[in-house]
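Here the structure comes first, spelled out in structure tokens, and everything after it is commentary.
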Amino acid sequence: MNLFIRELRKLLALTKADPKSLAAGIIAPTIILVIFALTFGNFVALKLAVVNDDAGALGTAFEETVFSQTSPLSGEPYFEAIEADAEEAQMLYEQGRVNGILTIPEDFSARLGSGEPAQVLYAFDNYNTDMAKNLRLYLDEGIFAFYQEHMPGMEIEVRREFAVGTQLDWFAIIAVGVFMLAFLMGSMFNFLYLLNKERVHATLSEYRLAPTSLLPTFAARVAVALLAGAVGAAVNALLIWLLTGVNLACGLLAILPILLVLGIAFVSFAAIVSLTVRKFSGAAMLSMVTAVVAWFLSGATTSVKYATGALLDVALALPSSYGLSQIRAAVFNVDQSVGGLLAVDKGWLVMGAYAVVLAVAAWAVYRKRLGGGGR
């Protein structure tokens, strides 16, 4: 125990003297978080140039209805109207300043008033399939709302059923995953960095002279690495709260054991890599890339339930899939087990097995590479 405490103090002093060992858990995940915030979390209304040539009142009513539709998640309108004539609208469209052109013809009100079908012209650039889908669906919502209000006699019925208990913001789901990634990357990099620092300063050779087992020193390295990961995760948790309003502290008691087990597994993997690959850059790259790839395969940006074949098999074989599922369940209070695929008991079995096997393997490599007289 005395050796563990002294090793712990030494490693904490090294971390304090050179805080770059905390960088990976703060900088890299923060960059990822900001990129996803700009990509998925920055909901903005799609700009449509509106050419209203209708001679009656229903064209104006149609326009107002379409542009009053709002997102159920953010409450923001789907579309922003840019009033223009046909020539100006075409110019704005060609310059990329609007996402599409909505043209209401002059006989729109007359045709509806006489019971005939009316048409609108809708032009949009569908180079981006996701944006094109949104442009179509959002307009459909406006058309349906218009008919409900102004053509109540029409027999149109839409029944909406939700397959889940609640709707969650996509960016918030991703952000919680980034929190887990920050912890894992920060922990792994700290182990790699401090070990390399001692290798550079040739202090690791002293371990070979140790008359007792090096197990306490290995445990201390893992403990300091987990603390470093916690710092990176805390910084990202604060950013997530500021960006999304999601308070990760509310589920902290449920999250901590998950992070601990996953942390031991991933730090142990980093330990094996750092003691096997002599070059720090190679070891760091291999460890960080593995962590990020595993994170993506674990359902970082989309649910594991959408995976099929070999991709699903890989996801179900990764401990991070189960950890991420349980962390999201704790934060959002929504079942994330994907119909039992990521069941809690199965998850703890997989995560625990990885932690034990990798920790034992890492200790064996650590003892072999640095072994002292007490081994």
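For a quick check: with amide H placed at 1.01 Å from N, whose amide H comes under 5 Å from residue 100's, ignoring anything fewer than 5 positions away on the same chain?
Those qualifying (amide H under 5 Å, at least 5 residues apart or on another chain) are 49.
For the stretch 1-107, with all protein chains present and a 1.4 Å probe, just round the carbon and sulfur fraction of the accessible area to a whole percent.
Result for the stretch 1-107: 58 percent of the exposed heavy-atom area is carbon or sulfur.
For a protection proxy built on the mean count of beta-carbon atoms within 10 angstrom, sort 258-269, 45-56 highest first, please.
Answer by packing, highest mean first, reads 258-269, 45-56.
Which net charge results for the neighbourhood of residue 79, defined as the other residues with beta-carbon distances under 11 angstrom from its beta-carbon, given Lys and Arg at +1 and Asp and Glu at -1?
Within the 11 Å Cβ shell, the charges total -3.
May I ask you to order 75-83, 271-279 by the average number of other C-beta atoms within 10 Å around their residues, highest value first?
Ranking, from highest mean packing down: 271-279, 75-83.
I'd like the antiparallel share, as a percent to the nearest 5, of DSSP beta bridges with both residues in the stretch 24-122.
Just about 25 percent of them are antiparallel.
Under the rule of at least 5 residues apart or a separate chain, name every residue whose amide H is placed under 5 Å from the amide H of residue 80.
46, 47, 48
Between residue 133 and residue 31, what is the FRET efficiency for a Förster distance of 45 Å, r being their Cβ-Cβ separation, to the nearest 0.05?
Working from the Cβ atoms, E equals 0.95.
Which Cα, out of 280, 371, 332, lies furthest along the positive dipole direction of the chain (beta carbon charges, K/R +1, D/E -1)?
About the Cα centre, the residue reaching furthest to the positive side is 371.
Can you give the % of DSSP beta bridges in the chain that are antiparallel, to the nearest 5?
Rounded to the nearest five, the antiparallel share is 35 percent.
Show me the ranking of peptides 315-325, 175-185, 140-150, 218-228 by mean Cβ neighbours inside 10 Å, starting with the highest.
Averaged packing, sorted descending, gives the order 175-185, 315-325, 218-228, 140-150.
With +1 on the Cβ of every Lys and Arg and -1 on the Cβ of every Asp and Glu, and nothing else charged, how large is the dipole of the stretch 232-375 about its Cα centre, in debye rounded to the nearest 20?
Value, rounded to 20: 680 debye.
Roll a 1.4 Å probe over the protein chains and send me the accessible area per residue for the chain in Å².
Computed with neighbouring chains in place, this is 52 Å² per residue.
Compute, for the chain, the length of the dipole vector about the Cα centre, with Cβ point charges of +1 (Lys, Arg) and -1 (Asp, Glu) only. Units Debye, rounded to 20.
So the magnitude is around 4360 debye.
Quick check: at a probe of 1.4 Å, how many percent of the accessible area of the stretch 215-329 sits on carbon and sulfur atoms?
Roughly 78 percent of what the probe reaches on the stretch 215-329 is carbon or sulfur.
For n ≥ 4 DSSP H runs only, could you compute -39500 (n - 2.57) per run for the chain, divide by its residues and tell me the 222 nm figure to the nearest 500?
-21000 deg cm²/dmol
Only helices at least 15 Å long along their axis, Cα-based, and averaging 0.5 or more on Kyte-Doolittle count here, so list those DSSP H runs from the chain.
Both cut-offs are met by 23-39, 170-200, 215-244, 252-276, 280-297, 344-370.
Using alpha carbons only, how many angstrom separate the centre of the stretch 313-352 from the centre of the stretch 188-262?
With the stretch 313-352 and the stretch 188-262 each reduced to a Cα centre, they are spaced 22 Å.
Modelled label-to-label distance, residue 4 and residue 301, 7 Å Cα→beta-carbon offset: nm?
Placing both labels 7 Å along Cα→Cβ, they lie 4.2 nm apart.
Between the stretch 280-303 and the stretch 46-80, what is the C-alpha centre distance in whole Å?
44 Å
The values are calculated or read from the model by the stated rules, or taken from the named source; none is laboratory data. Predicted model only: the values in this text are computed from it and were never measured. With ideal geometry, Cβ positions are generated from the backbone for all residues, glycine too; neighbour counts draw on all protein chains shown. To get the accessible areas, we keep the full protein, side chains included, count just its heavy atoms, and leave off ligands, DNA and RNA. Shrake-Rupley method; radii C 1.70, N 1.55, O 1.52, S 1.80 Å.
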